[in-house]
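The values are calculated or read from the model by the stated rules, or taken from the named source; none is laboratory data. None of these values were measured; they are calculated from a predicted model. Heads up, the Cβs are rebuilt from the backbone with ideal geometry, glycines too, and the neighbour counts pull from every protein chain shown.
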Amino acid sequence: MDNNLIKYLDYGSVNISGAILANINNLGLTATESVILIELSYLKTRGINFPEPQIIVDMTGFDTKLVFDTIHQLVKKRFVAITSGKENVDEYSFTPLNQKINQLLEQHPDSKIEVTDSIKDTEEESLSNRQELFNNFTQEFGRPLSPIELETINDWLTIDKYSTKIVKLALREAVLKQVYSLKYIDRILISWKKQNITTVAQVEEQRKNYEQQKNNSNNQSTDLPKIPIFKIKKE
């Protein structure tokens with residue numbers, strides 16, 4: 001690992017998982033590959049160097065065959081390698097991934113800044129915030145998220161630069177309306193963006209104003225003068 005990559009990992013405490021999330025397209029990863037690669041990286045930090053696929057299945061909710069096939073693709077595309085560790089026990093090596101990230105830095109020197117900005121936004125959110133956000137969606141939807149849904153949520157954070165707190169509030173609005181759709185949540189986020197609503201406080205203020213206008217409208221309708229009803233006699 002050369003100095004460029006060391007600086008990359010040290011800059012702003014950004015880790016490998018953060019680098020993956022911020023550079024999915026540049027690295028040529030699919031959403032599913034990204035999720036499983038991040039989980040493998042996470043497990044390695046916990047001392048699980050060669051996890052059984054079932055562990056990944058339990059963590060992601062993905063189909064067993066999908067996990068098998070994706071890990072095979074990650075090895076084939078040289079994002080990870082299977083090597084022999086201590087006592088000749090197999091383990092996943094992330095050296096190939098480190099090399100790809102280093103090449104990305106050499107080709108795009110400014111990518112370090114882009115990664116940092118995307119991971120640490122105005123609210124200094126961390127990777128754990130993103131993982132928690134994915135978990136929130138899974139819990140509220142009552143099912144595992146599809147790869148396309150994972151990619152959509154990641155795009156909100158990485159490309160559109162929405163904070164995790166704003167996305168959580170949009171999710172809450174959708175749940176209150178009992179609409180479990182990313183398209184509906186996307187419309188909420190776009191609406192807030194058009195109104196220049198970018199903070200939690202502004203969302204709460206908008207909700208209060210809406211409720212107040214609604215109450216005023218109801219009061220006006222009840223305060224209308226009563227119109228006397230005359231019974232017309234038939235001649």
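Within the stretch 131-150, residues that are within 16 Å of LYS177 (Cα to Cα) have Cβ atoms under 7 Å from residues that are crowded, with 17+ Cβ neighbours inside 10 Å in these pairs: PHE137/LEU145; PHE137/ILE153; PHE137/LEU171; GLU140/LEU171, counting only partners at least 6 apart in sequence or on another chain.
Might you let me know whether the stretch 47-62 holds any residue that is over 26 Å from THR158 (Cβ atoms), in contact with a Leu (Cβ under 8 Å, 6 or more places away or on another chain) and not in a loop (DSSP other than H, G, I, E, B)? The answer is yes; a qualifying residue exists. Note on the stretch 20-46: among residues that are of a type outside the set (A, V, I, L, M, F, W, C), outside any helix (DSSP H, G or I) and at pLDDT 85 or above, the one that is nearest to PRO147 (Cα to Cα) is THR30. Against the criterion of being at pLDDT below 70 and out of contact with any Cys (no Cβ under 7 Å at 6 or more places or on another chain), GLU235 qualifies. Total residues in the stretch 146-156 satisfying the condition of being touching a helix residue (DSSP H, G or I) at 6+ places or on another chain (Cβ under 7 Å) and either at pLDDT 85 or above or among the charged types (D, E, K, R) (or both): the figure is 5. When the residues of the stretch 124-174 are narrowed to those that are β-branched (Val, Ile, Thr) and surrounded by 15 or more Cβ atoms within 10 Å (Cβ to Cβ), which ends up nearest to the chain's Cα centre (by Cα)? The selected residue is ILE153. Would you check if VAL57 is farther than 19 Å from GLY85 by Cβ, modelled with pLDDT under 75 and not charged (D, E, K, R)? For VAL57, the condition - farther than 19 Å from GLY85 by Cβ, modelled with pLDDT under 75 and not charged (D, E, K, R) - is not met.
Here the stretch 67-97 is the region considered, the condition is being assigned to a strand (DSSP E or B) and not polar (S, T, N, Q), and the residue that is farthest from ASN25 (Cα to Cα) is ASP90.
Every residue in the stretch 179-194 that is within 12 Å of THR152 (Cα to Cα) and either in contact with a Gly (Cβ under 7 Å, 6 or more places away or on another chain) or of a type in the set (Ser, Thr, Tyr) (or both), please. SER181, the sole residue that qualifies.
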